[in-house]
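The values are calculated or read from the model by the stated rules, or taken from the named source; none is laboratory data. Predicted, not measured: the structure shown is a model, and the values here were computed from it. Glycine gets a Cβ as well: all are built from the backbone with ideal geometry, and neighbour counts include every protein chain shown.
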Amino acid sequence: MGQRRLNIGFVALTAAIGGLLLGFDATVISGVVPFIREYFALDGAGGDLKLGWAVSSLGWGALAGNALAGVLSDRLGRKKVLLSAAALFVLSALLASLATTLTAFVAARIVGGLAVGAAILIAPVYIAEIAPAQRRGGLVSLNQLMIVIGISASFFSNYFLLEVGENNWRWMLGVQVFPALLYLLLLSLIPESPRWLVIKGRDEQALDVLTRVGGAAQAQESLQQIRQSLAAKNVSHGWRALFDRRIRLVMLIALGLAFFQQITGINAIFYYLPTIFAQAGGGVADAFRQAVIVGLVNVVMTVVAIWLIDRLGRKPLLVIGVTGMAVSLLTIAWAFNVEPNQAVAGAAPLTTNPQLVLIAIIGFVASFAISLGPVMWVLLSEIFPNEYRGVAISVAGFWNALVSASVTFVFPWELSTLGPAGTFLVYGLFASAALLFVLVFVRETKGRTLEELEGELLSRPKSTPA
């Protein structure tokens, strides 16, 4: 390999295209829901659960992807896992768009979930491991930016494909094949993670990559830091390492953020967005247009987060954003209360203020986009020790996907049982708890190398008597 300098922006952006695909794959279902409900005859209470299963199946597949991705990336390399994810995205899009039974549809979405589970974990890890410390936050956040671009692209795509005919939902799902093939091609042009190469004893290759990233002098210093980080450890490797008492704080932060990111309902909102807007009043086309607006807000606020994350810091963004999430969710719950004089037997539910529902959902998405959306993944890519980062992030990602799949699975039932007001009240209370968690447990990480963070976070539990 030559010494030509790497364009680290291109490398990070290439890895982050996995985020675009997972964002698209996850939320394209929002436009498909009304059509597959009719196509697969998902009626009644049993139909609600089947619909929840169909929509959440991507999340259940992501569980397996999360569980396998970290271990496989530690064994085979970050790049190979990303290449595998790209191939699975292609396969899933083809199979789902051609499905003629609910079982085949769910199976295809589970395949896509495997890709989502791998991409959402390994892309930010790869970027964090190759990026210079002073640019790491912004570059890792590119992954979240691509996720929200993928989300927005799915809303646009669904809206423009709405009128193509009775097979519109097949086109909505199948169009993803093209960016997935592009991702597969571009991944072949980027190098392997230098930190993974050092872990595998391939120091010369690691030095070559580090030199192309930061120059010869910086490369030697970075290589030495990585070696010292690995040599200083006397811990169990693999899954057992996660029970080491010295990383209890790290695991608490990781699992807590992974839980609160999903239990506050972000994916339930994205996956059922036109359905939610339809309940607030308005036709199908209006609901799809409103989803496009939400997607655009998501993109803009994620760009703001990327600009701020290495300036303002991780924790301040979390505090500001989670506060906004809690206020917005409680506002949605209030807006969905039915006024007594509006309640007519057999009539569709009326809200006290349909426009307030739209404004509050936009506020929630904007707040999420500057906080738990990008910041959680940045922190997860930073706080775990080098030698078992892949395994640790798999555990956090598995937990995140489990909560996400559970929330999206029960959402149709929640709407029928608790109503929109009760459902969003529950989410708002969880967001309030998330704010307390951030204030008490989360540590700031901006501007520090991965090895410096490792020393700081692992040293804290040592001062506590057994």
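Select the helices (runs of 4 or more DSSP H) contained entirely in segment 31-131, then report the ones holding at least 2 residues which are polar (S, T, N, Q).
Numbers: elements: 44-76, 78-98, 102-130.
Once the helices (runs of 4 or more DSSP H) in segment 31-131 are filtered for at least 2 residues that are polar (S, T, N, Q), what remains is 44-76, 78-98.
Are any of the residues in segment 45-66 of a type in the set (D, E, K, R) and at pLDDT 90 or above?
Going residue by residue through segment 45-66, those that are of a type in the set (D, E, K, R) are 48, 50.
Next cut, at pLDDT 90 or above only: none.
There is no residue in segment 45-66 that is of a type in the set (D, E, K, R) and at pLDDT 90 or above.
Which is within 26 Å of Gln144 (Cβ to Cβ), β-branched (Val, Ile, Thr) and in contact with a Lys or Arg (Cβ under 7 Å, 6 or more places away or on another chain), of Ile110, Ile122?
Within the list Ile110, Ile122, the selection yields Ile122.
Which ones in segment 304-316 are within 17 Å of the chain's Cα centre (by Cα) and within 17 Å of Phe441 (Cβ to Cβ)?
Arg314
What is the residue count in segment 152-189 for residues that are of a type in the set (D, E, K, R), surrounded by fewer than 18 Cβ atoms within 10 Å (Cβ to Cβ) and in a helix (DSSP H, G or I)?
Selection size over segment 152-189: 0.
Does any residue of segment 62-84 turn out to be over 30 Å from Val213 (Cα atoms), buried (at least 24 other Cβ atoms within 10 Å of the Cβ) and touching a Phe, Trp or Tyr at 6+ places or on another chain (Cβ under 8 Å)?
Filtering segment 62-84 for residues over 30 Å from Val213 (Cα atoms) gives 62-64, 67.
Next, from what is left, pick out any that are buried (at least 24 other Cβ atoms within 10 Å of the Cβ): 62.
Subsequent filtering for residues that are touching a Phe, Trp or Tyr at 6+ places or on another chain (Cβ under 8 Å) retains none.
The answer is no; no qualifying residue exists.
Pro385 passes all but one of (1) surrounded by fewer than 23 Cβ atoms within 10 Å (Cβ to Cβ); (2) modelled with pLDDT under 85; (3) closer than 17 Å to Ile253 by Cα; which number fails?
(1)
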